[in-house]
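Q: Take this structure, written in structure tokens, and hold onto it; I'll ask about it next.
The values are calculated or read from the model by the stated rules, or taken from the named source; none is laboratory data. What you see is a predicted model, and the numbers here were worked out from it, not measured in a lab. All Cβ positions, glycine included, derive from the backbone under ideal geometry; neighbour counts span all protein chains shown.
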Amino acid sequence: MKSTLTHSLNSRLVSFTSPGSFAAEQYQGLRLTIERLTKTQGSQVLAITSPAAGEGKTLTAVNLAGALARESDGRVLLIDADLRRPSIATTLGLETSPGLTDVLSSDQLELAAVAQRVQQLPLWAVTSGTPGSAIHRLLRSARFDGLIQRARQEFDVVIVDTPPLLPVFDSAVLSRIVDHMLVVVAANQTPRKLLGEALNLVDPAKVMGIVFNRDDRPLFGYYDEYYREYFPDTSGAVSQA
């Protein structure tokens, strides 16, 4: 597996840039829930999605992966399965290819050849790979099933950044091989009807929860100045679960 060099990250990646901040702390509740699942059920594969584009699902996926890798003892894998609008390579400063599409299109290329180490943490990322067509065919392929099974064997937690549930059906296709799904919603922005339509596309039993992103009334605002001493680093955007 390849190792990548440390580079300057976006300040919104609080799990990497400001791990002691209040914003970063919001991912710890999700981390604890996932850790409990791994202890009782073994390796977990978790998909991150949203009803529509631009709601912060990739930011949530990367920050959650970072929180798990920084605070947990196990190995974490982050996969960019949003093949229509991939962004993990750009977000983390990684090589775009070879990546997921290259593995799924080849009988020789394996997971270890495309997983890139992230900032010397026990975190690896598989980027989207070489752009191509037949996305549904790739996501439904036996190769993809095999890749996920291999990832279960080599990693404790696998985070899969998937496309929005609407208007494409890639995430609904992917939901069949993941254990749980987190749905990211832009607080005070996403229409309730849109969220309802999105949730109807997936098995309700697989929805672990809904993450409210960009809340303009964060919980921190309700605390008095005394509680601010717990979080001297207040930088970063807040994402609440």
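Q: Please go through segment 57-80 and give me each residue that is surrounded by 22 or more Cβ atoms within 10 Å (Cβ to Cβ), more than 10 Å from the chain's Cα centre (by Cα) and over 14 Å from TRP124 (Cβ atoms), ordered by number.
A: ALA67
Q: Restricting segment 139-195 to residues that are free of Cβ contacts under 8 Å to residues at least 24 places away in the same chain and charged (D, E, K, R), which is surrounded by the most Cβ atoms within 10 Å (Cβ to Cβ)? Give the derivation first.
A: Of the residues in segment 139-195, the ones free of Cβ contacts under 8 Å to residues at least 24 places away in the same chain are 142, 146, 149, 167, 176, 191-193.
Now drop any that are not charged (D, E, K, R), which leaves 176, 192-193.
Numbers: ARG176: 12, ARG192: 9, LYS193: 9.
Restricting to residues being free of Cβ contacts under 8 Å to residues at least 24 places away in the same chain and charged (D, E, K, R), the top hit is ARG176.
Q: Report the residue count in segment 163-187 for those that are touching a Lys or Arg at 6+ places or on another chain (Cβ under 8 Å), more than 12 Å from ALA53 (Cα to Cα) and not hydrophobic (A, V, I, L, M, F, W, C). Steps first, answer last, please.
A: Restricting attention to segment 163-187, the residues satisfying the condition of being touching a Lys or Arg at 6+ places or on another chain (Cβ under 8 Å) are 163-164, 168, 170, 173, 175, 178-181, 184, 186-187.
Now restrict to residues that are more than 12 Å from ALA53 (Cα to Cα): 170, 173, 175, 178-181, 187.
Narrowing further to those that are not hydrophobic (A, V, I, L, M, F, W, C): 170, 175, 179-180.
The total comes to 4.
Q: Restricting attention to segment 122-140, and to residues there that are touching a helix residue (DSSP H, G or I) at 6+ places or on another chain (Cβ under 9 Å) and part of a loop (DSSP other than H, G, I, E, B), which single residue is farthest from LEU100 (Cα to Cα)?
A: Result: PRO122.
Q: May I ask you to say which residue of LEU59, LEU109 is farther than 17 Å from LEU174 by Cα, assigned to a helix (DSSP H, G or I) and at pLDDT below 95? Working first, answer last.
A: Values: LEU109 fails: assigned to a helix (DSSP H, G or I).
Step by step, each of LEU59, LEU109 is checked, and only LEU59 is farther than 17 Å from LEU174 by Cα, assigned to a helix (DSSP H, G or I) and at pLDDT below 95.
Q: Further question: Just one of the numbered conditions (1) surrounded by fewer than 17 Cβ atoms within 10 Å (Cβ to Cβ); (2) closer than 30 Å to SER21 by Cβ is not true of LEU109; which one?
A: (2)
Q: Moving on to the next point. Determine if segment 168-177 includes at least one residue that is in contact with a Phe, Trp or Tyr (Cβ under 8 Å, 6 or more places away or on another chain) and under 14 Å from ILE79 (Cβ atoms). Before you say what the answer is, go through the steps one by one.
A: Our first condition is that a residue be in contact with a Phe, Trp or Tyr (Cβ under 8 Å, 6 or more places away or on another chain); within segment 168-177, this holds for 177.
Retained after the next criterion (residues that are under 14 Å from ILE79 (Cβ atoms)): 177.
Checked segment 168-177: at least one residue is in contact with a Phe, Trp or Tyr (Cβ under 8 Å, 6 or more places away or on another chain) and under 14 Å from ILE79 (Cβ atoms).
Q: How about segment 119-138: which of its residues are touching a Leu at 6+ places or on another chain (Cβ under 6 Å) and either over 21 Å from LEU64 (Cβ atoms) or of a type in the set (Val, Ile, Thr) (or both)? Lay out the reasoning, then the answer.
A: Within segment 119-138, the first condition is being touching a Leu at 6+ places or on another chain (Cβ under 6 Å), and the residues that meet it are 124-129, 135, 138.
Result: VAL126, THR127, GLY129, ILE135, LEU138.
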